[in-house]
Amino acid sequence: MGSSSSSLNNVPDGQQLMQETGFSAAHLLRLYERFKFLDKDNRGHLRSEDFEAVPELSENPIGDRIVGAFFLPGQETVDFSSFVRVLAHFRPTEKNRTRAGAQPEPANSRNRKLKFAFRLYDRDRDGKISRTELLQVLREMLGMQVTEEQLQSIADRAIQEADLDKDDAISFDEFRKSLEKVNIDHKMSIRFLE
Amino acid sequence: MELFFNPFDNLLCILLGISFTVWFTLLLVFIIVPAIFGVSFGIRRLYMKTLLKIFEWATLRLERGAKEKNHHLYKPYSNAIIAREPTTSLEEEIKEIRRSGSNKDLDSASEFEMSDIFYFARRGVESIMDDEVTKRFSAEELESWNLLTRSNYNFHYISLRLTVLWGLGLLIRYGILLPLRVTLAFTGVGLLVFLTSLIGLLPNGRMKSFLSEKVHLMCYRICVRALTAIITYHDSENKPKNGGICVANHTSPIDVIILASDGCYAMVGQIHGGLMGVIQRSMVKACPHVWFERSEVKDRHLVAKRLSDHVQDKTKLPILIFPEGTCINNTSVMMFKKGSFDIGATVYPVAIKYDPRFGDAFWNSSKFGMVNYLLRMMSSWAIVCSVWYLPPMSREEGEDAVQFANRVKAAIARKGGLVDLLWDGGLKREKVKDTFKEEQQKLYSKMLVGTQEDRSRS
């Protein structure tokens, strides 16, 4: 009689995802409802069109890039596990979490958050943000509001500041170093309402 | 053998005949006659109170049952999943990120930082997790259960009593209420078509308008009873007058019936084929409505001209328009299209708020067709709503159509307790225009490039 996703059993790989991502059962349930909501045709997975249906995302200058972060290279669809694994990066970091040595690094660690942001820049995933890639991101964020020269000079300055080994590209270590003092946890975290 | 069956058959026929007559008389006395004269016995309000008590009991039972079985009761999120920062500006947020990251003097270093991307990334992911717009286009989720499985997310087998109640509810709704309502609906529509065509034969004049008014009101009232709609009208002294335009928020096609059963309006719309078209064509015989052919709808000037001609004629009824252009789920009011606010007539705003506890009136046209929707409406418990007539507004000096539209929208949202959104209802089907993205880019570039200019100057 009747059915609903009122228990974690209805969420595919529920228990495993809870362990992996650190989301509580309640949060995972909410995210599953959201996933199903975005999946308008009930396919069980999301395509980029489903993401594009969110108007606030279309307003975001790097909206396409963010959507791209959900798709694994070569894949055209996002299932619920991948969806949640990406969102897990935005969980607030727990302060006093002790980790057994063999456990993999949690998705919302400072390092992983930085990696996520790095991947937004480094689209071809070669481990470096090249000048071209930086220019591309800048162009997206600024649109037609700046001239080519202004864009170049901004990129020049950014690379000059961060590029320590002078290879005209920013590696992940250089990226991390330049953001040493930034409060990543606060700025790259999304809190759930209880 | 035949002798044995005969008296039985007779008895059956007699019983059927009697029940039919009783049924029809009851219908006539309690529903149709009051509809004609516009009085009410108060039966529907009693019905509503009883239902509310039953729903409360059902919800309590559900919650108790869930606790006993240690199920996680899913509380539907009515507003938000995530905590969003109060809307600080782009500039403030990015500055904050940078402030935490550098010791440099802030004013001289307001140039691009690699950490700027955090702002956009987080905003983007927040939108993916929860956004203000898309949830307006699906039915509102309820806190308590109203014995309709279509609005329930927790329904497991909790207790025998609850299931029996649900089953009983099902029987009543589909076995008794639905046939009753369908009969009424057919009566109402049939009478409308028939009588308006009849009135159309009369010469234009006071008698004709008078009769057409009475006929329209009567038929709409029958339709209101066909939906068991319990409507409370507030501030009726502000009811729209001739030569004005009545604007209201749109949740479903039933809005028309609700408003038109309390006053006479000239409808605006496109001529359809089929039954709808028949109704439209006969209505226009009795009094002037504004129907457009499909081809004419695209021509904005033509539409505007016909509307303004209509309002200028003071003998004609006020026009009824829904400026949102599409059905919204009654938790918010979306952008009003400026066309009707450009004509220069007095605008009479009306706010309609449905009580979702008895039956969700929102028409999700991408999910259900019209017939399916009407059947769902007629098999709900009731449609309970409140209508507020707001005082008339006119366009002020120096105000353009868009500002006027927004002012009216804000008034309607405030009165009806709905959220006032800037977003366009057309987003249900179309994508966001690029102008919104440009806005964000402009804000960001002002931050960066603006500072660079200062730098080159110094």
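When the residues of segment A:47-75 are narrowed to those that are among the charged types (D, E, K, R) and open to solvent by less than 40 Å² (accessible area, probe 1.4 Å), which ends up nearest to B:LEU421 (Cα to Cα)? Explain how you work it out, then say what you get.
Let us first name the residues in segment A:47-75 that are among the charged types (D, E, K, R), namely A:47, A:49-50, A:52, A:56, A:59, A:64-65.
Pick out the ones that are also open to solvent by less than 40 Å² (accessible area, probe 1.4 Å) and you get A:50, A:56, A:59, A:65.
On the way: A:ASP50: 22, A:GLU56: 13, A:GLU59: 16, A:ARG65: 27 Å.
My answer is A:GLU56.
Any residue that is at positive phi and either touching a residue at least 40 places away in the same chain (Cβ under 8 Å) or at the interface with chain B (Cβ under 9 Å from one of its Cβ atoms) (or both) - is there at least one of those in segment A:136-148?
yes
So which residues in segment A:177-188 are at the interface with chain B (Cβ under 10 Å from one of its Cβ atoms) and surrounded by fewer than 17 Cβ atoms within 10 Å (Cβ to Cβ), if there are any at all?
The answer is A:GLU180, A:LYS181, A:HIS186.
Does segment B:387-415 hold any residues that are of a type outside the set (D, E, K, R), open to solvent by 30 Å² or more (accessible area, probe 1.4 Å) and in contact (Cβ under 8 Å) with a residue 60 or more places away in the chain, and which are they?
Those that are of a type outside the set (D, E, K, R), open to solvent by 30 Å² or more (accessible area, probe 1.4 Å) and in contact (Cβ under 8 Å) with a residue 60 or more places away in the chain: B:TRP388, B:PRO391, B:PRO392, B:VAL402, B:ASN406.
Within segment A:167-176, take every residue that is free of Cβ contacts under 8 Å to residues at least 40 places away in the same chain and within 20 Å of the chain's Cα centre (by Cα) and give me the one that is most open to solvent (accessible area, probe 1.4 Å).
Top of the filtered list is A:ASP173.
Which members of segment B:292-302 meet the condition of being of a type outside the set (Ser, Thr, Tyr) and either assigned to a loop (DSSP other than H, G, I, E, B) or modelled with pLDDT of 85 or more (or both)?
Across segment B:292-302, the qualifying residues are B:GLU293, B:ARG294, B:ASP299.
Taking A:GLY44 and the conditions (1) open to solvent by less than 30 Å² (accessible area, probe 1.4 Å); (2) over 15 Å from B:ILE128 (Cα atoms), which numbered condition does it fall short on, given that it satisfies the others?
If we test A:GLY44 against (1) open to solvent by less than 30 Å² (accessible area, probe 1.4 Å); (2) over 15 Å from B:ILE128 (Cα atoms), just (1) comes out false.
Of everything in segment A:36-51, what is over 16 Å from the mean Cα position of the chain (by Cα) and assigned to a helix (DSSP H, G or I)? Give them in sequence order.
A:LYS36, A:PHE37, A:LEU38, A:GLU49, A:ASP50, listed by residue number.
Give the residue, chosen from B:LEU211, B:LEU192, that is at pLDDT 85 or above, buried (at least 18 other Cβ atoms within 10 Å of the Cβ) and outside any loop (DSSP other than H, G, I, E, B). Even if it seems obvious, please write down each step before you answer.
Values: B:LEU211 fails: buried (at least 18 other Cβ atoms within 10 Å of the Cβ).
B:LEU192 is the lone residue from the list that is at pLDDT 85 or above, buried (at least 18 other Cβ atoms within 10 Å of the Cβ) and outside any loop (DSSP other than H, G, I, E, B).
Answer yes or no: is there a residue in segment B:356-375 that is hydrophobic (A, V, I, L, M, F, W, C), at pLDDT 80 or above and open to solvent by less than 30 Å² (accessible area, probe 1.4 Å).
Looking for residues that are hydrophobic (A, V, I, L, M, F, W, C), at pLDDT 80 or above and open to solvent by less than 30 Å² (accessible area, probe 1.4 Å), one finds none in segment B:356-375, hence no.
Go through (1) within 23 Å of A:ARG125 (Cα to Cα); (2) touching a strand residue (DSSP E or B) at 6+ places or on another chain (Cβ under 6 Å); (3) surrounded by fewer than 21 Cβ atoms within 10 Å (Cβ to Cβ) for A:VAL78 and report which single condition fails.
With respect to (1) within 23 Å of A:ARG125 (Cα to Cα); (2) touching a strand residue (DSSP E or B) at 6+ places or on another chain (Cβ under 6 Å); (3) surrounded by fewer than 21 Cβ atoms within 10 Å (Cβ to Cβ), A:VAL78 is out only on (3).
Considering only segment A:141-166, state which residues are assigned to a helix (DSSP H, G or I) and open to solvent by 50 Å² or more (accessible area, probe 1.4 Å).
A:MET144, A:GLN145, A:GLU148, A:GLU149, A:GLN152, A:ASP156, A:GLN160, A:GLU161
For the list (1) closer than 28 Å to B:TYR47 by Cα; (2) surrounded by fewer than 19 Cβ atoms within 10 Å (Cβ to Cβ), I need the number of the one condition that B:LEU198 fails.
The single condition B:LEU198 does not satisfy is (1).
Within segment A:149-174, which residues are touching a strand residue (DSSP E or B) at 6+ places or on another chain (Cβ under 7 Å) and within 7 Å of another protein chain (Cβ to nearest Cβ)?
A:ALA162
Of all residues in segment B:289-302 being surrounded by fewer than 18 Cβ atoms within 10 Å (Cβ to Cβ) and in contact (Cβ under 8 Å) with a residue 12 or more places away in the chain, which is farthest from B:VAL193 (Cα to Cα)?
Restricting to residues being surrounded by fewer than 18 Cβ atoms within 10 Å (Cβ to Cβ) and in contact (Cβ under 8 Å) with a residue 12 or more places away in the chain, the top hit is B:ARG300.
For segment B:311-333, check the following and say yes or no: at least one residue is without any contact (Cβ under 8 Å) to a residue 40 or more places away in the chain and open to solvent by 10 Å² or more (accessible area, probe 1.4 Å).
No, segment B:311-333 contains no residue that is without any contact (Cβ under 8 Å) to a residue 40 or more places away in the chain and open to solvent by 10 Å² or more (accessible area, probe 1.4 Å).
Only one of A:PRO73, A:PRO12, A:PRO61 is more than 11 Å from chain B (Cβ to nearest Cβ), closer than 30 Å to A:MET144 by Cα and not in a helix (DSSP H, G or I). Can you tell me which? Let's see the steps before the verdict.
Working: A:PRO12 fails: closer than 30 Å to A:MET144 by Cα; A:PRO61 fails: more than 11 Å from chain B (Cβ to nearest Cβ).
It is A:PRO73.
Residue check: is B:ARG306 part of a loop (DSSP other than H, G, I, E, B) and more than 23 Å from B:MET334 (Cβ to Cβ)?
Criteria not met by B:ARG306.
Hey, can you tell me all the residues within segment B:241-278 that are of a type in the set (Val, Ile, Thr) and open to solvent by 20 Å² or more (accessible area, probe 1.4 Å)? Even if it seems obvious, please write down each step before you answer.
Kept after step one, since they are of a type in the set (Val, Ile, Thr), are these residues of segment B:241-278: B:245, B:247, B:251, B:254, B:256-258, B:268, B:271, B:278.
Those that are of a type in the set (Val, Ile, Thr) and open to solvent by 20 Å² or more (accessible area, probe 1.4 Å): B:VAL256, B:ILE257, B:VAL268, B:ILE271, B:VAL278.
Look through segment A:102-134, keep the residues that are farther than 16 Å from A:ASP173 by Cα and of a type in the set (Lys, Arg), and return whichever of them is least open to solvent (accessible area, probe 1.4 Å).
The qualifying residue least open to solvent (accessible area, probe 1.4 Å) is A:ARG131.
State all residues of segment B:29-59 that are out of contact with any Pro (no Cβ under 8 Å at 6 or more places or on another chain), exposed (fewer than 12 other Cβ atoms within 10 Å of the Cβ) and among the hydrophobic types (A, V, I, L, M, F, W, C); if no residue qualifies, say none.
Within segment B:29-59, B:VAL29, B:VAL33, B:PHE37, B:VAL39, B:LEU46 qualify.
The values are calculated or read from the model by the stated rules, or taken from the named source; none is laboratory data. Computed from a prediction, not measured in an experiment: that's the story for all the values here. Quick reminder, even Gly has a Cβ in these numbers, built from the backbone with ideal geometry, and neighbours come from all protein chains shown. What goes into the accessible areas is simple: the full protein's heavy atoms, side chains included, and nothing from ligands, DNA or RNA. Shrake-Rupley method; radii C 1.70, N 1.55, O 1.52, S 1.80 Å.
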